Structure formats: structure tokens, C-alpha cells
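Here the structure is laid out as C-alpha cells; the discussion comes afterwards.
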Amino acid sequence: MLTVDLHCHSNVSDGVLAPEAVARYAHGSGVDVWALTDHDEVGGIARARAAAQELGMRFVPGVEISITWANSTVHIVGVQVDEQNPTLVQGLADTRSGRDSRGREIAAQLEKAGIPGAYEGALKYVGNPDLMSRTHFARYLVECGVANNTPDVFRKYLTEGKPGYVPHRWASMEQAVGWIKAAGGIAVIAHPGRYKISPTAEGALFDEFKDLGGVAIEVVTGSHTPDQYPHYAELARRYGFLASRGTDFHAPGENRVEFAQLPPLPGNLTPVWHDWF
């Protein structure tokens, strides 16, 4: 059985390791099929592909697109995309715009909360200046000692109702799915269990996604708890979605689940990769 991971990040977005280093880390942990899915950016794919080929891993070009849906931020992963497709490239460039001004607003809020210098501090962790994110600020807050680790940061800061939360208006679902389809890719709802929405809203999210041409959801992911795996397996069956799997890797030791610890998909689901090889 192939070990497949279709959700990983490098320092081209908000990960810590370079694309080549993520490839080596995944390969060393037993991954056979690997996708790089940086946030709103495909600039690391060529390097990731070359590294995966050198290591003998099958490579899947991907991206994770931030969208605004019903006033909530949701992430749509695209896999098997053509990273040079002009529609996708332009859409992602439009989505990235505005991140710097948002970062400065986050820093201003944190300064009011007694944490000065957060913009410059977060910038130290940014590999791509166009993609400053809350994760970069979280790493700086750990460095400052105001939290023990990045999950602890998000319990105290940077989330709705807490200091440092600045919403951003992302692409629409229709736009994101359209860009992925234009690039020949497959649209997947990332970690659906992470969104703080009601079951009714979740059903509406799935319905709209399916109507727009989305075909899969992540079932087994490092961003889900183990008790969520069977729940989303059942929802995948109910809605007729293919199932995806991925750690949502950002850095060694920073994830809830490492590559080697993530369980396989339940056997009664159709994997999104069922007809790829």
C-alpha cells in the first residue's frame, strides 16, 4: 500500500523547511506519494518536484487557497494542478495581495496588548515576503515567551475575539475552485473539521463546493482529531466525495501528527488518487 501525503507546506509559504528539505523529511518518514501545497503560492513546486524525483518519490503539484465563505476563512487544496497555468497564477497573485498590510495591523494590535516589535519579529520567520501569515507571528510569540508553542499562541492570540486577530477578505469559493479546474487540478476541502461552523452550515459548504465542481474532502489529516476521522469518512460517503489524506505539515515537531504517525484512510472510501497510478 502506498503512503500518500497530499498536504504539506514549505518556507515558500508558512512552513519552516525549504521545499527540498520537506521532500527529504517526508521521504525519510516513509512517504511514497507527496504533494507540496503551499498557501496561495506555487513558487516552490519546481524545486519540490526535482527533489522528489531525485529521492524516488511520486510527486503531486498542489496549492492551498484561502477563501472567504459565509464570513469564515476556509481552505481549498488543489492537487494535480499545472503550476504554470496563467489563470491559477494570476488568481493566487491577487489573493496574496494585502497580506503585508494585514500583518502590520496584526502587529499594531499586539503592541497594544503589550507585545512590541511583532512585525519585525514575524518577518524573521517569513521565507516569502508576499506571504506573511498568523503562523509567522505565532512563532515570534513563542520566541518571546508569551506562549509555550504555536497551538498555545492560537488559544490566546490571533484568533477571533483575541488580540492580534485581523480578518482578511480572501477569494470566493467559486474563484478558487475555478482556478484549480482551469489548471487541470482537483479541488479538495482542507481539514473540514477545523472550521467553527454549525452542521447546517457545513452541509451548505459541502453542497456549494460540490455544485461548483469540487470532488474531495480531507478525511485523515493532522488538523483533525482521531475521533473526527470516522465522522468525515461518513460525510465523504454521504456526499459522494473522494477522500484525501495529509499531515498539513509545517515544521518538524510543530504538527499534531508526524508523517509516520498519520493513519491510512478507512478502507471503505475512494481515495482521491484512486486513478492516478
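In debye, nearest 20: dipole of segment 1-69 around its Cα centre with unit charges on the Cβ of K, R (+) and D, E (-)?
220 debye
Note on the chain: helix-only mean residue ellipticity at 222 nm, from DSSP H runs of 4+ residues weighted -39500 (n - 2.57) and normalised by residue number, equals -11500 deg cm²/dmol.
With respect to the chain, whose longest principal axis is taken over its alpha-carbon atoms, helix 86-96 is tilted by about 30°. The spacing between segment 216-277 and segment 34-54, judged by their C-alpha centroids, is 20 Å. In the context of the full protein assembly, D227 retains an accessible surface of approximately 110 Å², using a probe radius of 1.4 Å and ignoring ligands and nucleic acids. Once the 1.4 Å probe is applied to the protein heavy atoms, segment 112-240 comes out at 46 Å² accessible per residue.
Could you work out the pair-distance distribution P(r) of the chain from its alpha-carbon pairs, with 10 angstrom bin width and percents rounded to whole numbers? Binned Cα distances yield the sequence 7, 30, 38, 22, 4, 0. As an exercise, use a Förster radius of 51 Å and the Cβ-Cβ distance of A182 and A260 to find the FRET efficiency, rounded to the nearest 0.05. That gives a FRET efficiency of 0.90. The angle separating the long axis of helix 228-239 from the principal Cα axis of greatest extent in the chain is about 50 degrees.
Taking only alpha carbon atoms, segment 74-129 gives an Rg to Rh ratio of 1.13, where Rh is the Kirkwood radius.
Taking a point 7 Å from the Cα of A46 along the Cα-to-Cβ direction, the residues of segment 8-35 with backbone N closer than 19 Å to it are 10-13, 18-23.
Short-range pairs are left out: with C-alpha atoms under 8 Å and at least six residues apart, the relative contact order of the chain is 20 percent.
Multiplying the sequence separation of R102 and S172 by 0.36 nm and subtracting their Cα-Cα distance, what value in nm do you get?
Between R102 and S172, full extension yields 23.4 nm more.
Restricting attention to segment 64-217, the count of lysine pairs at 8 or more positions apart or across chains with alpha carbons under 29 Å apart stands at 11.
Note down the net charge around R96, summing +1 for each Lys or Arg and -1 for each Asp or Glu among other residues with Cβ under 9 Å from its Cβ.
Charge balance in the 9 Å sphere: -3.
Here each label is just a point 7 Å from Cα along the line to Cβ, and for T73 and D227 those points are 2.7 nm apart. Each 10 Å bin from zero up to the one holding the largest Cα-Cα distance in segment 1-107 carries the following percent of pairs: 15, 44, 29, 11, 1.
Helix 173-182 and the long axis of the chain differ in direction by around 50°, with both axes built from C-alpha atoms. The stretch between R58 and Y165 holds 34.7 nm of extra length on full extension. This uses 0.36 nm per residue minus the Cα-Cα distance.
Taking the accessible area of the chain, probe 1.4 Å, and keeping the other protein chains in place, the carbon and sulfur fraction comes to 49%.
Can you work out the accessible area per residue across segment 5-55, with the rest of the protein chains kept in place, probe 1.4 Å, in square angstrom?
Accessible area per residue, segment 5-55: 31 Å².
A 1.4 Å probe, protein heavy atoms only, puts the accessible area of K162 near 80 Å². Based on Cα atoms of segment 141-190, Rg over Rh with Rh as the Kirkwood radius reads 1.22. Electrostatic bookkeeping for A190 treats Lys and Arg as +1 and Asp and Glu as -1; over the other residues with beta carbon under 12 Å from its beta carbon, the sum is -1.
The values are calculated or read from the model by the stated rules, or taken from the named source; none is laboratory data. If you're wondering where the values come from, they're calculated on a predicted model, not measured in any experiment. Heads up, the Cβs are rebuilt from the backbone with ideal geometry, glycines too, and the neighbour counts pull from every protein chain shown. We work out accessible area using only protein heavy atoms, side chains counted, and drop any ligands, DNA or RNA first. Shrake-Rupley method; radii C 1.70, N 1.55, O 1.52, S 1.80 Å.
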